[in-house]
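A.B. asks: Handing you a structure now.
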Amino acid sequence: AEIADSWWLLALYVFMFLNLEVVVAYWLAQRRSVEVMQYTLVVTVWRLATLLGAALYFRDVYMIFVTIVVAETLKNVGIYLWLRARHLLVFHWDREALREQVRLVTPLGLGSILNKANEFGRVVVGTQMGPVPMAIYTTAHYQVPLVNIVQTSLSDVIFPDMVKRAQRDPAEGMRLWKRAQM
């Protein structure tokens with residue numbers, strides 16, 4: 001009930017928080033871990049200060065959501081300007097690369113959506129049906145980590161072979177990785 005009027009702001013914040021963070025991946029690819037640590041620290045302080053400041057100043061859930069969305073938007077605009085200034089972000093459509101990306105991302109995205117829907121199911125069951133169905137749902141939910149264990153084990157086993165193949169031919173390593181992801 002507290003966030004009934006603010007769910008779209010929360011969804012916007014989560015989208016920006018999860019999908020528009022590219023600097024860390026870029027620096028990790030460049031083996032610049034010091035920058036990653038510094039950036040992560042600055043962003044964490046920024047987010048916490050914004051959240052606490054909004055909570056203390058406004059004392060209103062809706063305004064807290066507005067404030068964190070504005071703060072995340074400002075951060076993303078700053079990152080966008082930084083990327084553009086360094087010519088790291090250019091607008092060029094390569095249809096074949098886009099098709100390949102969609103082919104790769106679609107199964108992963110659908111799996112992620114189903115996994116998150118399963119987690120959201122707990123909230124729905126708990127709030128709508130009460131504690132007994134919630135307990136049954138939670139007990140049944142314990143089989144889900146097995147999927148993660150199998151996926152992680154498969155990745156651990158396949159990674160050395162993928163690296164070995166990629167040394168001979170990068171496309172071979174990528175094909176093996178794609179097959180494992182599918």
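The values are calculated or read from the model by the stated rules, or taken from the named source; none is laboratory data. Computed from a predicted model, the values in this text were never measured in an experiment. Backbone-built Cβ (ideal geometry, glycine too); neighbour counts: all protein chains shown. Side chains are part of the model used for accessible areas, which takes the heavy atoms of the whole protein and leaves out ligands, DNA and RNA. Shrake-Rupley method; radii C 1.70, N 1.55, O 1.52, S 1.80 Å.
A.B. asks: Give me the percent of accessible area attributable to carbon and sulfur for region 1-132, probe 1.4 angstrom.
C.D. replies: In region 1-132, the share of accessible area belonging to carbon and sulfur is 69 percent.
A.B. asks: Rolling a 1.4 angstrom probe over the protein heavy atoms, how many square angstrom per residue are accessible across the chain?
C.D. replies: Per residue, the chain has 76 Å² of solvent-accessible surface.
A.B. asks: Among Leu110, Leu89, Val66, which residue has its Cα furthest toward the positive end of the charge dipole of region 63-119, with +1 on Lys/Arg Cβ and -1 on Asp/Glu Cβ?
C.D. replies: Farthest towards the positive pole: Leu89.
A.B. asks: Find how much the distance from Arg175 to Thr73 grows on full extension, using 0.36 nm per residue of separation minus their present alpha carbon separation; answer in nm with one decimal.
C.D. replies: Fully extending the segment from Arg175 to Thr73 adds 33.1 nm.
A.B. asks: Now a separate question. Can you give the relative contact order of region 1-107 as a percent, counting alpha carbon pairs under 8 Å and 6+ residues apart?
C.D. replies: 32
A.B. asks: Dipole magnitude of region 1-146 about its Cα centre, charges +1 at Lys/Arg Cβ and -1 at Asp/Glu Cβ only, in debye to the nearest 20?
C.D. replies: Dipole about the Cα centre, nearest 20: 360 debye.
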